[in-house]
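Enquirer: Before I ask anything, here is the structure I am working with.
The values are calculated or read from the model by the stated rules, or taken from the named source; none is laboratory data. Since we're looking at a predicted model, the values are computed, not measured. Glycine gets a Cβ as well: all are built from the backbone with ideal geometry, and neighbour counts include every protein chain shown.
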Amino acid sequence: METGDDDMNNPETEKQPKILTILLIKGPYVSEAADIAFQTALKAKQMGYKVHVFLYLDGTWNSHLTGDKNYNNPGDWLKRLIRKEIQVTSCERCSNARDLTEENIIKGVQISGSTKLIDYLKDSDKVLTFGG
Amino acid sequence: MTKDGYEIDLGFIITKAPLESSLGEGFLSLAHHAINNGKTVGFFLISDGVWFVKKNQKNTAINKLKNLIEKGAIITVSKDNLDAAGIETTDILEGITISEKPYQDLVALVMEKWRRVMTI
């Protein structure tokens, strides 16, 4: 047996996936920022990374795209992130300022204070900001 | 290779066209300074950022980009967005890497090859 085979079965030495946080600060239909952010998140998750998405400032408007559309819909990408168990958080103050509540946003998006963002930034290996 | 195992010191993602935001050209200037200080740099151009690589543009960004390529910067461009913009692969600067799987390549660069990353 080669050295290290035992370690592979030891949960304490199991390698944790790297963490990517994506910060989106622009709303839908102004640019491709939302599409790029959500597609990057999905691909990163598919590739085995742990992914957090934080909707900030006008980025919170993306959570409001609850309806179906017969054209490109960043809301559909967002729903897909939720289905893939990517944690999506929307800034509480930014949401309140735009009258976005848990009743009028996509189910599964969590409204939380920006301290959550600080936790994400602290824990992440990489952070990407889209919409700047 | 950086001390902590990354291939490239500094990566830049550009999503805007050269004249859409001065930050794109600012990134090129920053990359020049980084290279002149012994750092390695890479770029990933996606969305309207692909316009940076089109030949024969009359703007200052293209000369900066050519210079960066000569100095060893690794520039990758999204094929999907080149196609969307109608830019043929024969109409882009030489020395550019074309990504057929842009999101896969982008994530791999960000997570495994670039030590630090900036986006616009």
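Enquirer: Residues being part of a helix (DSSP H, G or I) and over 11 Å from the mean Cα position of the chain (by Cα): count how many of those fall in segment A:82-103. Step through it out loud before you land on a result.
Expert: Taking segment A:82-103 and keeping what is part of a helix (DSSP H, G or I), we get A:82-83, A:92-97.
Among the residues that remain, those that are also over 11 Å from the mean Cα position of the chain (by Cα) are: A:83, A:92-97.
Count: 7.
Enquirer: Tell me, please, whether a residue that is under 12 Å from the mean Cα position of the chain (by Cα) and in a strand (DSSP E or B) can be found in segment B:2-10. Reasoning before the result, please.
Expert: If we filter segment B:2-10 for residues that are under 12 Å from the mean Cα position of the chain (by Cα), which is where we start, we get B:10.
If we keep only those that are in a strand (DSSP E or B) too, we end up with B:10.
Yes, there is a match, as at least one residue in segment B:2-10 is under 12 Å from the mean Cα position of the chain (by Cα) and in a strand (DSSP E or B).
Enquirer: While we're on this one: Here is a check on your reading of the model: is B:Lys66 under 12 Å from the mean Cα position of the chain (by Cα) and away from every other protein chain (no Cβ under 14 Å)? Can you show your working first?
Expert: Numbers: under 12 Å from the mean Cα position of the chain (by Cα): yes; away from every other protein chain (no Cβ under 14 Å): yes.
Yes: the conditions hold for B:Lys66.
Enquirer: Separate question: Among what's in segment B:70-120 and is polar (S, T, N, Q) and more than 20 Å from B:Leu28 (Cβ to Cβ), pick the residue that is nearest to the other protein chains (Cβ to nearest Cβ). Steps first, please.
Expert: Going residue by residue through segment B:70-120, those that are polar (S, T, N, Q) are B:76, B:78, B:81, B:89-90, B:97, B:99, B:104, B:119.
Filter once more, so that each one left must be more than 20 Å from B:Leu28 (Cβ to Cβ): B:89-90, B:104.
Numbers: B:Thr89: 21, B:Thr90: 25, B:Gln104: 6 Å.
Across segment B:70-120, the extreme among qualifying residues is B:Gln104.
Enquirer: Somewhere in segment B:19-26, is a residue under 10 Å from the mean Cα position of the chain (by Cα) and modelled with pLDDT under 95? Even if it seems obvious, please write down each step before you answer.
Expert: Kept after step one, since they are under 10 Å from the mean Cα position of the chain (by Cα), are these residues of segment B:19-26: B:24.
When the remaining residues are screened for being modelled with pLDDT under 95, the result is B:24.
Yes: one or more hits.
Enquirer: Let me ask something else about it. Could you run through segment A:11-28 and say how many residues are within 14 Å of chain B (Cβ to nearest Cβ), at pLDDT below 95 and touching a helix residue (DSSP H, G or I) at 6+ places or on another chain (Cβ under 9 Å)?
Expert: 0
Enquirer: Further question: Quick check, is B:Ala31 surrounded by 13 or more Cβ atoms within 10 Å (Cβ to Cβ) and more than 14 Å from chain A (Cβ to nearest Cβ)? Show your work before the answer.
Expert: Details: surrounded by 13 or more Cβ atoms within 10 Å (Cβ to Cβ): yes; more than 14 Å from chain A (Cβ to nearest Cβ): yes.
Criteria met by B:Ala31.
Enquirer: Check A:Lys79, A:Lys69 and return the single one that is over 26 Å from B:Met118 (Cα atoms) and in a helix (DSSP H, G or I). Spell out how you get there, then give the answer.
Expert: Working: A:Lys69 fails: in a helix (DSSP H, G or I).
Just one listed residue meets the conditions, A:Lys79.
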